[in-house]
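Input: a single structure, listed below in structure tokens.
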Amino acid sequence: MSDKTATKAIGAIAAKLGSDRVETAREILTCYAFDATNIKSLPFAVTFPRSMEEVRSIVSLCSESGVHVIPRGAGTGFVGGTVPVTGGVVVSMERLGKILDIDASQRVAVVESGVVNGMLQREAAKHGLMFPPDPSSLEVSTLGGNVAQDAGGPRALKYGVTRDYVLGIEFVTWEGRLVEPVCPGVGSRRWDPLDSLLTSSEGTLGLITKIWLRLLFVPKELVTVLAFFGTTVAAAGAVSRVLDCGVLPAAVELIDSVAMDCIKAFVDVNIPSGAGCSLLIETDGREGEARESMAVVRKVLDGAGVIDVRVAESQAQREELWRMRRSISPSLARIAPSKINEDVCVPRSKLPDLVEEVNKLGRKYRLRVPTFGHAGDGNLHVNVMLDRRDKDEVRRAEAMVGELFEATLRLDGTISGEHGIGITKLEYLPRQLGPAGVVFQSRIKRAFDPGGTVNPGKVIVQS
């Protein structure tokens, strides 16, 4: 794709939709050149459609000219999934930000892809409903991006991830055609194979413009505790014991000592002496049910070597505990200016083994590695802290990540629990999929996007 070809396509978009839909100024392009990985690659242009028809026009004009298109939500991803690695035209969905309908009787929301997750959470709550997937970036990340990444969050342990709530997806193909869902929003048992493929495709199969989502009733009661343990391994072992006690908590989040030290600057939390890790546990349900469930959990914690347990006595205290959990990722900048944030996942019974591997690798490579995440799912965010100006530190960090993935696969795990593959994990994906998996994945991509127009260079290992 030449600069001349791209310039022609960009001019055609501006002529058809108006110059306010297209930006080519370098200072604007820079803002859309990276995601949370901070890997940068400038696009040729950024477009800002306000409707599905405008998305179709942009994609059609780019496809005719052989110009790549890169769909983008809020750019909060950790794997480079929206980085325009080949240049191309970024199609930002931020102006497709309307909640089109909330049908409280059917418990279905219809949203444009640029709606922010937290916005839907608040609007649903007005009807006594909730959208369970709640990633830490919920106040920023868009629902189109959540669908593309199959986002989860702390509540995924009990309620599942985004794909469990998708009832229909409207999307634009590589050549600008519109594909509408089959009977969108009709019943939780309705299944459309296209929806299943688009969910977690990381924007490589088409551009999502509208989504039908299932909602649930808000639980009547919530009980939240913060439990402290002497070591991360002890806390990881307690996770399996909690989940074997016959109670399914809404969330079980692990926070290691390094992460706890970082968040003290943001949240007032008194950490007891000798605490090396904590578990944030929440139960929910009907009136009285959450308290009964937490009573069972507390007995298990007492037998698992817990040092101290703090109970949220009010909604304000509960919100403070969750603010602590959601403050971890930004607070890590206190340790180092950069990080490699991996989201490895193993069977829960092997969580202590994974934690021991992380501790061993941190010592081996002389790196600080705060670890936290959705321990109830066996999903840990392993943050390898580094200064990218230090070439030796970069080398050690990259070597550690490679060994972390190898250890995860040995433990029957997966190299991504929720962040996806993008570009940062692409070289490791064949180990996860195997040769047949790589071939099959490539065939799906060619079926949806034979021209290789949509978000190239991501997720798909070409066979």
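The values are calculated or read from the model by the stated rules, or taken from the named source; none is laboratory data. Since the model is a prediction, treat every value here as computed from it, not as a measurement. A quick note on method: Cβ atoms are made from the backbone with ideal geometry, for glycine too, and the neighbour counts reach across all protein chains shown.
For the reader, a short list of remarks on this structure follows.
- Of all residues in the range 236-262, those that are out of contact with any strand residue (DSSP E or B) (no Cβ under 9 Å at 6 or more places or on another chain) and either closer than 14 Å to GLU282 by Cα or in the same structural domain as PRO135 (by TED's automatic domain parsing) (or both) total 0.
- Residue among VAL439, VAL401 that is outside the structural domain of VAL346 (by TED's automatic domain parsing) and in contact (Cβ under 8 Å) with a residue 24 or more places away in the chain: VAL439
- Which listed residue, of ALA312, ALA316, is within 22 Å of ARG155 (Cβ to Cβ), at pLDDT 95 or above and aliphatic (A, V, I, L, M): ALA312
- Taken together, the criteria place GLY206 among residues that are touching a Ser or Thr at 6+ places or on another chain (Cβ under 7 Å) and crowded, with 24+ Cβ neighbours inside 10 Å.
- Residues of the range 327-363 that turn out to be in a helix (DSSP H, G or I) and over 30 Å from ARG410 (Cα atoms), as a count: 4
- For the range 133-213, the helices (runs of 4 or more DSSP H) that sit wholly inside it and include 1 or more residues that are small (Gly, Ala, Ser) and more than 12 Å from the chain's Cα centre (by Cα) are 193-198.
- Close contacts from the range 359-383, counting a first residue that is closer than 26 Å to VAL242 by Cα and free of Cβ contacts under 8 Å to residues at least 40 places away in the same chain and a second that is of a type in the set (Val, Ile, Thr) and crowded, with 19+ Cβ neighbours inside 10 Å, with Cβ to Cβ under 7 Å and a gap of 6+ residues or different chains, come to GLY378/VAL346.
- Qualifying residue in the range 377-386 (condition: outside the structural domain of PRO84 (by TED's automatic domain parsing) and either over 30 Å from GLU282 (Cα atoms) or part of a helix (DSSP H, G or I) (or both)): yes
- Residue within the range 246-262 that is out of contact with any Phe, Trp or Tyr (no Cβ under 8 Å at 6 or more places or on another chain), part of a loop (DSSP other than H, G, I, E, B), within 19 Å of ARG318 (Cβ to Cβ) and without any contact (Cβ under 8 Å) to a residue 60 or more places away in the chain present: yes
- Whenever a residue of the range 90-112 is farther than 25 Å from ASN455 by Cβ, its partners that are outside any loop (DSSP other than H, G, I, E, B) and aromatic (Phe, Trp, Tyr), lying with C-beta atoms within less than 7 angstrom and at least six residues away or across chains, give the pairs VAL108/TRP212.
- Residue within the range 108-115 that is polar (S, T, N, Q), over 19 Å from TRP322 (Cα atoms) and surrounded by fewer than 21 Cβ atoms within 10 Å (Cβ to Cβ) present: no
- Members of the range 167-176 found to be in contact with an Asp or Glu (Cβ under 7 Å, 6 or more places away or on another chain) and under 17 Å from PHE448 (Cβ atoms), listed by number: ILE169, GLU170, TRP174
- Restricting attention to the range 316-338, the residues that are in contact with a helix residue (DSSP H, G or I) (Cβ under 6 Å, 6 or more places away or on another chain) and either under 23 Å from GLU282 (Cα atoms) or buried (at least 17 other Cβ atoms within 10 Å of the Cβ) (or both) add up to 5.
- Hey, ILE99 aliphatic (A, V, I, L, M) and surrounded by fewer than 24 Cβ atoms within 10 Å (Cβ to Cβ) or not: yes
- First in the range 157-168 and among the charged types (D, E, K, R), second anywhere and buried (at least 24 other Cβ atoms within 10 Å of the Cβ) and assigned to a loop (DSSP other than H, G, I, E, B), Cβ under 6 Å, 6 or more apart: none
- If you go through the range 411-441 and keep only what is within 22 Å of the chain's Cα centre (by Cα), of a type in the set (Gly, Ala, Ser) and over 17 Å from LEU380 (Cβ atoms), you end up with just GLY422.
- Residue, farthest from the chain's Cα centre (by Cα), within the range 442-463, restricted to residues that are over 20 Å from ALA6 (Cβ atoms) and crowded, with 20+ Cβ neighbours inside 10 Å: LYS445
- Meets criteria (out of contact with any Ser or Thr (no Cβ under 8 Å at 6 or more places or on another chain) and either at pLDDT below 95 or on the phi < 0 side of the Ramachandran plot (or both)) for GLY274: yes
- Matching residues in the range 62-95 - criterion: being aliphatic (A, V, I, L, M) and surrounded by 24 or more Cβ atoms within 10 Å (Cβ to Cβ): VAL67, VAL69, ILE70, VAL79, VAL83, VAL89, VAL90, VAL91, MET93
- Filter result (surrounded by fewer than 22 Cβ atoms within 10 Å (Cβ to Cβ) and at pLDDT below 95) within the range 364-388: ARG388
- Residue satisfying all of: in the range 245-271; modelled with pLDDT of 85 or more, acidic (Asp, Glu) and out of contact with any Lys or Arg (no Cβ under 6 Å at 6 or more places or on another chain); surrounded by the most Cβ atoms within 10 Å (Cβ to Cβ) among these: ASP256
- Restricting the range 387-434 to residues that are assigned to a helix (DSSP H, G or I) and of a type in the set (Gly, Ala, Ser), the residue that is farthest from SER331 (Cα to Cα): GLY434
- Every residue from the range 418-463 that is closer than 15 Å to ASP343 by Cβ and touching a Pro at 6+ places or on another chain (Cβ under 9 Å): GLU418
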